[in-house]
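Structure, as structure tokens:
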């Protein structure tokens with residue numbers, strides 16, 4: 001009886017220790033897309049996306065901590081119109097010749113139970129680093145297709161682009177830019 005109790009306690013301790021360890025993930029580039037929307041002169045909302053993003057995520061759901069380091073290739077912008085995309089890559093907007101990436105880093109996560117619901121960090125764009133708050137709607141963490149353990153979420157924030165020096169056409173093209181990112185991240189073995 002005592003041996004059974006000790007074995008049960010050890011098993012419980014081992015499973016808790018396994019859960020308490022930080023989990024390391026790599027963003028799945030085929031399922032992670034930063035998109036944006038901005039008001040165009042009050043007539044419509046212009047939307048676009050970045051096709052190339054890479055990064056790392058670390059979560060310790062037991063300790064309720066995490067970190068994110070993601071790099072967006074700003075050259076990969078696509079808005080559905082080639083001439084507009086060329087303009088967005090130019091000096092008026094992303095200036096990709098001088099600043100080919102935007103970087104998001106976060107290390108202050110807020111959890112609800114074992115799920116992250118927000119993260120405070122920074123966005124570096126056009127050589128300027130400013131704080132951002134990322135709102136997280138966790139989808140699920142589970143095995144994907146029986147192969148990889150994956151966590152998915154929708155992440156949103158709104159920034160004033162002029163704070164990063166992107167002032168062209170404000171206020172005709174809106175200063176407030178809503179950023180939405182669908183994320184899937186694969187746990188590393």
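Results, tabulated for the structure shown:
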item: Helix-only [θ]222 nm of the chain, DSSP H runs n ≥ 4, -39500 (n - 2.57) each, per residue, nearest 500; result: -4500 deg cm²/dmol
item: Where labels lie 7 Å past Cα in the beta-carbon direction, separation of residue 38 and residue 158 in nm; result: 1.6 nm
item: Over the chain, relative contact order from alpha-carbon pairs under 8 Å, at least 6 apart, %; result: 22 percent
item: Residue with peak Gaussian network fluctuation, the chain [Cα springs, cutoff 10 Å], from 49, 143, 125; result: 143
item: Over the chain: Kirkwood hydrodynamic radius from C-alpha pairwise inverse distances, Å; result: 18.3 Å
item: Theoretical FRET efficiency, 1/(1+(r/R0)^6), r = Cβ-Cβ of residue 168 and residue 98, R0 25 Å, to 0.05; result: 0.95
item: Helix 2-20 vs. the chain, principal-axis angle (Cα, 0 to 90°, nearest 10); result: 10 degrees
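Values in this text are rule-based calculations from the coordinates and carry no lab data. Here the structure is a predicted model, which means the values were calculated and not measured. We place every Cβ from the backbone using ideal geometry, glycine too, and count neighbours over all the protein chains shown.
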